[in-house]
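What follows is one structure encoded as structure tokens, with my remarks underneath.
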Amino acid sequence: LDAQGRVTRFNKSAEDLTGYAASEVLGKSLDFFFFDPAHYHDILKNLKLNKSYRNLHMPIKRRDGERTDMLMSISLIGNPGQDGHAAASITISKDMTREIRLEKALKESKEQLEEKVMQRTRDLECLSQRLAVLNQVASTASQSLELEPLLNNILQVVLELTGFPMGIISTFDEKEYIIIRAHRNVPKNILDRIRLLQKAQTVSGQAALTGTLQLGPPMDQDLTRLGIRLVVAVPLRAKGTSQGVMTLLANLDREVSDEERHLMLAIGVQAGWALENAELYEQVRRDVVKLKEVDRIKTEFIATVSHELRTPLTSIIGFISYAQLASQDLKKSNLARYLQVALENGQKLARMVEDLLAMQKLESGTLRFYLEPLELLPMLIRLQEELNPQLHAKEQRLILEIPEDLPPLTVDHEQFERVITNLILNAVKFSNGPGIITITAQHRPGEFTLTVTDTGIGMSHEVRERIFDSFYQAESSFTRKAGGVGLGLTIAKRIVEKHGGTLRAESEPNHGSRFTLSLPEQAPEPEVRP
């Protein structure tokens, strides 16, 4: 450079580094080399002040416009001219572009690595927190197998961890209405509204249907009016199916991060298994109670059968023994009375044995049915005559209201007669003073309906629910006095069902009972095991 900063020499190396030919730059200022020309003029000013530069890092602009980073030295040459300033020499010792790029890449790699380490640390912290939460939920779930306290405890832990103010754990009934199994901090008016909703009407229902976490405003506008702004529904899954839904409610809008969603889903799996295990425990508990009840019924049955068999046998044996010993002294009227008592007790004993045998065959599926047309009214009149002693003894009057044009029923005569006999004797058994037993029948296209109505003591709801169970007898002194082994109604119901029909009971305490028997006009052939 001369004293004015114009190029006086430009060698081959300079041409290679800059892309300019010497002829393009000789006699010109070098400010076009610099991205910031002012920087070049500052250097010239300093040179005029006799300042030199060594190993100066300077980016320059190549002829093609690309940036090249250079390491250069700028020094004075010779003596100052007339203006007192010397010419200068620029020596480019090294192209720093590659080193600069490597340094930049290294710095970026370091920053990326540091960011990855920090992110990994955050991930590990989140994982550790998630595991701690899941461990807390698992610990809560393991503290009890009682369903209601278990679900309430899990819900309380989740609310504390997520910061949501309200929560519900629910399932759905057979009509897809919501069943609330546990709830925390939810006002009664909101609970009442939720109980009226079906699966398809709620965010919770969508979570159950899809098996995925669902969130958003309530689908039901009434819940919105009650102040609910955000619903997060988490499916409680176990064995690949939804066991229920955990629903978190908020009365303010808020963000739910991906981490919170992952955590809620993981909690949902834990709670799903807890719910599954608790329900299995509840089922086992119910089965144990049922088995104990069966064992109790079996024990009572043995005691009842022993008593019921012993009583008529004692009477039969006693009367016959007495008749043998005193046959010469007995009047004919007394002998006839003793023999009648023996006969009645023998018939009672025979009916109990027949009931036991019939029940055994019904249970094993070996009771045979022979379906034939049956005229109902003549059969009922015959039964009325046969059962007259029992009716008379309990002051019961049997009324038959059977249409004369009633078409024949297709039934097994013997078994159908057993059904009607058992229903009449049941009405007699549970009479308390003079009363009326009414049998009505009607025919509709495809169906026969027969009802047996009495004016007896009636039944409570609990007794009515179990009246057709084998060996079941209501807990009352009246039932024990009435006797029997508790098979009559069970056998009647089983026989009716074998004919493709139904038998149901309606009753209220002290208002009598009504048994309604429905049969198809064409009964199916009952299956009989070989």
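In table form, for the structure just shown:
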item	result
Thr68 within 27 Å of Arg98 (Cβ to Cβ), surrounded by 13 or more Cβ atoms within 10 Å (Cβ to Cβ), polar (S, T, N, Q) and touching a Pro at 6+ places or on another chain (Cβ under 9 Å)	yes
Residues of region 10-27 satisfying the condition of being under 22 Å from Leu76 (Cβ atoms) and touching a residue at least 12 places away in the same chain (Cβ under 8 Å)	Phe10, Ser13, Ala14, Val25, Leu26, Gly27
Test for Glu386: is it under 50 Å from the mean Cα position of the chain (by Cα) and assigned by TED's automatic domain parsing to the domain that holds Lys498	no
Given (1) at pLDDT 90 or above; (2) closer than 16 Å to Asp355 by Cα, number of the condition Val485 does not satisfy	(1)
Residues that are free of Cβ contacts under 8 Å to residues at least 40 places away in the same chain and either crowded, with 17+ Cβ neighbours inside 10 Å or touching a Gly at 6+ places or on another chain (Cβ under 8 Å) (or both), drawn from region 270-298	Gly272, Glu276
Inter-residue pairs, beta-carbon under 6 Å, first assigned by TED's automatic domain parsing to the domain that holds Leu17 and farther than 15 Å from Ser73 by Cα and in region 36-62, second of a type in the set (Asp, Glu) and surrounded by 14 or more Cβ atoms within 10 Å (Cβ to Cβ), 6+ apart	Pro37/Asp31
Residues within region 408-434 that are crowded, with 19+ Cβ neighbours inside 10 Å, over 11 Å from Lys394 (Cα atoms) and not acidic (Asp, Glu), tallied	11
Subset tally (residues that are under 20 Å from Val419 (Cβ atoms) and among the polar types (S, T, N, Q)) for region 444-467	3
Conditions (1) surrounded by 13 or more Cβ atoms within 10 Å (Cβ to Cβ); (2) small (Gly, Ala, Ser); (3) part of a helix (DSSP H, G or I): number failed by Ser13	(1)
Top-ranked residue of region 389-408 - restricted to ones that are in a helix (DSSP H, G or I) and within 54 Å of the chain's Cα centre (by Cα), ranked as modelled with the highest pLDDT	Leu391
Members of region 500-520 found to be within 37 Å of the chain's Cα centre (by Cα) and basic (Lys, Arg), listed by number	Arg504
So Leu343, is it more than 54 Å from the chain's Cα centre (by Cα), surrounded by 11 or more Cβ atoms within 10 Å (Cβ to Cβ) and of a type outside the set (Val, Ile, Thr)	yes
Every pair of residues 6+ apart whose Cβ atoms lie under 8 Å, when the first sits in region 326-355 and is at pLDDT below 65 while the second is in a helix (DSSP H, G or I) and surrounded by 13 or more Cβ atoms within 10 Å (Cβ to Cβ)	Ser327/Leu335; Leu330/Ala323; Leu330/Tyr338
Options Ala233, Ala200: the member that is free of Cβ contacts under 8 Å to residues at least 60 places away in the same chain and in a helix (DSSP H, G or I)	Ala200
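The values are calculated or read from the model by the stated rules, or taken from the named source; none is laboratory data. Just so it is clear, the structure is predicted and the values come from calculations on it, not from any experiment. Heads up, the Cβs are rebuilt from the backbone with ideal geometry, glycines too, and the neighbour counts pull from every protein chain shown.
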